[in-house]
1. How many residues does segment 56-74 contain that are touching a Lys or Arg at 6+ places or on another chain (Cβ under 8 Å) and closer than 18 Å to E120 by Cα?
2. Inside segment 75-123, counting only strands (runs of 3 or more DSSP E) that do not spill past its ends, which hold 2 or more residues that are surrounded by 16 or more Cβ atoms within 10 Å (Cβ to Cβ) and of a type in the set (A, V, I, L, M)?
3. Check segment 42-64 and report whether any residue there is over 21 Å from T83 (Cβ atoms), modelled with pLDDT under 75 and surrounded by fewer than 10 Cβ atoms within 10 Å (Cβ to Cβ).
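The values are calculated or read from the model by the stated rules, or taken from the named source; none is laboratory data. What you see is a predicted model, and the numbers here were worked out from it, not measured in a lab. With ideal geometry, Cβ positions are generated from the backbone for all residues, glycine too; neighbour counts draw on all protein chains shown.
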Amino acid sequence: MHAKARRCVSVLMTLSLGGLLAACGSFNSATRSLANSITPYKVDVVQGNFVSKEQVAALQPGMSRQQVREILGTPLVTSVFHTDRWDYVFTLKRAGVESQTRKLTVFFNGEQFDRAEGDEMPSEAEFVASLGKKMDNIKVPPLEATEAQLARYPVKKSAAEAEQMPEVPAAPSAQSYPPLDAPAR
């Protein structure tokens, strides 16, 4: 009887192992279809300095390097070999949208701004509008408080009402502290 029980367990183990292997084949195809329907989240990647059409229009020949830096920001690329040239590069990579790259090169004559060359820059409004296309389906909640919500917060008192209130004593002042510097020797 003992050998018979061992043989029965062996047959059961073989059948269950075969069943598991068969199930793995169907599970694999289900997993593949599920994996094809789920896509990973892709982060928006913004690199460089965004330069708008308005900023480029504000540049005037003869401006100092500091004035140009105040308008456009710090350049992304400055070269030791091209000291009279600053490069501004902006790249935006978003999921489902073709990546945008804009380049602007600013040339100096000594310490004075000479000219700027590069891609056609969008205005600030155009750039912001291009960013908003991805978020069309988001519903913005109304930004209004109900009377019940407002009632939870006390109303500030006017100056006349504040004068009628008794004055609260001020917190005691801190005593003197030891000097921070070590005594001279």
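1. Residues that pass the stated criteria total 0.
2. 85-94, 97-109
3. Scanning segment 42-64 turns up no residue that is over 21 Å from T83 (Cβ atoms), modelled with pLDDT under 75 and surrounded by fewer than 10 Cβ atoms within 10 Å (Cβ to Cβ).
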